[in-house]
Amino acid sequence: MKIYTVGGYVRDKLLREAGYDVPFGGDRDWVVVGATPKEMLDRGFTAVGADFPVFLHPKTHEEYALARTERKTARGYHGFVFHTDPDVTLEEDLKRRDLTINAMAMTDEGQIIDPYGGMIDLRNHILRHVSEAFCEDPVRILRVARFCAKFGDFQIAEETMNLMTLMVQNGEADALVPERIWSEISRGVASRHPLNMIDALARCGLWAKLFPVDPKNPVMRETLSKAVAAGLSLDARFALMTSFCNTPEEAQHTAASLRAPVALQQLCGCFLTLLPLFEKAADTQSIASLLERGDVLRRPERMSVMFRMWETLSQKPASNLKKAAELWRSVDAGAVAKAQSDPRRIPMAVRTARLEALRPLFTISEKTGDQSHDGRQ
């Protein structure tokens, strides 16, 4: 029995040694060569794999997988039959992996085993598939695009891009499971260079199947770049991208079709709905409409996210809007209600009190200036 560290842990270790700012952490993957399931159990490991033998270490609880090969039997992520045997070699196991930079192994002594040229591609900043088996798993298209977003200056090998394009054209990518799409897309959008992911997906033709926004839209690209520079969250970045959809319904449907969390789906639709109100927000009445439609009383955190999104999109400070939200929420509705003898007048009285709370901040004027949101589709 021989045990090796494999995959992203080895890749990131080599990248750090080359000067890349790659954080420590994440799972450490292990491959066991020359063992049977019984031998693993006899050593105190716990079996957890459903599709193929994976075992938890008795002390560290890290995952150890038996070396395996795989055979494609149907389209999609689950269309594989796995074969494990003590005779399966490390090289055979590594050959089934997606990219050469992920197909390296390391011994306990730190020796790198690199049968497919991963170190050369790492030095040359190339994302290259290991074998033709790459085209059997459509998730790998998304993974390659995500690595473009993660590493920034890595380029996709031409032959790998050709395979990705073929997978889209022949319908293999149609078997992608929405949850897997969101898993990769969300990590790419949250990375340092999300535009690189968009460009990779656009080149192979998959972007058009996922997102109804022109990937070359200069305003969208500039907005996303500013969102990254401002340190906006994944939710804010993604919702800003969907703000370039044609309608709020399209924005929300796009997020739903990718299986984004429900709260993010709602944020996408809400922000695009509120954009005209953001553009007009310059007096008490227009700001009141914005705060009411944005449901600031029940969802103040979401409103705060949208303020930051608006600042990024318009490049104008939202300090007055943020203060207005605080003032609107500060009104004691209970006290106002107690002062009313007629219960029917309570809603209007509370709203009037909130409007009065805003008046010191804004001069009533319709001269709001040009705050149009150019560049949306």
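Okay, here's what the table says:
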{"read-out": "Most mobile of 342, 108, 27 in a GNM of the chain (Cα contacts under 10 Å)", "value": "342"}
{"read-out": "Accessible-area ranking of 223, 89, largest first, probe 1.4 Å", "value": "89, 223"}
{"read-out": "Extreme residue, positive dipole direction of the chain, given options 111, 177, 307 (C-beta unit charges)", "value": "307"}
{"read-out": "Residue-normalised accessible area of the range 83-207, expressed per residue, 1.4 Å probe, Å²", "value": "39"}
{"read-out": "Dipole in debye (nearest 20) - the chain, about Cα centre, beta carbon charges: Lys, Arg +1; Asp, Glu -1", "value": "1580"}
{"read-out": "Inter-probe distance in nm under a simple model that places probes 7 Å from Cα toward Cβ, at residue 18 and residue 256", "value": "4.4"}
{"read-out": "Simple Cβ-charge dipole of the range 123-224, Lys/Arg +1 and Asp/Glu -1, about Cα centre, in debye nearest 20", "value": "400"}
{"read-out": "Extended-chain gain in nm, criterion 0.36 nm per residue less alpha-carbon gap, residue 304 and residue 217", "value": "28.7 nm"}
{"read-out": "Positive-pole candidate from 297, 320, 339, dipole of the range 293-358, charges at beta carbon", "value": "297"}
{"read-out": "Read-out Cα Rg over 2.2 N^0.38 Å, derived from the coordinates shown; its label in [x] 1.03; [y] 1.26; [z] 0.97", "value": "[y]"}
{"read-out": "Contour minus Cα-Cα distance for residue 203 and residue 92 (0.36 nm per residue)", "value": "36.9 nm"}
{"read-out": "Built amide H within the under 5 Å cut-off of residue 54, gap 5+", "value": "48, 49"}
{"read-out": "Set of aspartates and glutamates with alpha-carbon distance to residue 13 below 16 Å, sequence-local pairs under 8 removed", "value": "21, 27, 29, 108, 109, 114, 121"}
{"read-out": "Contour excess over end-to-end distance, with Cα ends at residue 344 and residue 57 and 0.36 nm allotted per residue", "value": "96.6 nm"}
{"read-out": "Cut-off 12 Å (backbone N to label point 7 Å along Cα→Cβ of residue 230), residues of the range 294-323", "value": "304-319"}
{"read-out": "Built amide H within the under 5 Å cut-off of residue 29, gap 5+", "value": "6, 9"}
{"read-out": "Aspartates and glutamates with Cα under 14 Å of residue 38, excluding same-chain neighbours fewer than 8 positions away", "value": "85"}
{"read-out": "Assigned charges on the beta-carbon of Lys, Arg, Asp, Glu; the range 85-153 dipole about Cα centre (debye)", "value": "540"}
{"read-out": "The range 264-360: trypsin sites (Lys or Arg not before Pro) in DSSP loop, at most 16 other beta carbons within 10 Å", "value": "298"}
{"read-out": "Label-point separation, residue 48 to residue 351 (7 Å along Cα→Cβ), nm", "value": "5.5"}
{"read-out": "Accessible area of the range 127-182 belonging to carbon and sulfur atoms, whole % at 1.4 Å probe", "value": "48"}
{"read-out": "Choice from 266, 252, 169 showing the highest fluctuation, given a GNM over the chain with Cα pairs closer than 10 Å", "value": "169"}
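The values are calculated or read from the model by the stated rules, or taken from the named source; none is laboratory data. Since this is a predicted model, take the numbers as computed values, not measurements. Neighbour counts run over all protein chains shown; Cβ positions are idealised from the backbone, glycine included. To get the accessible areas, we keep the full protein, side chains included, count just its heavy atoms, and leave off ligands, DNA and RNA. Shrake-Rupley method; radii C 1.70, N 1.55, O 1.52, S 1.80 Å.
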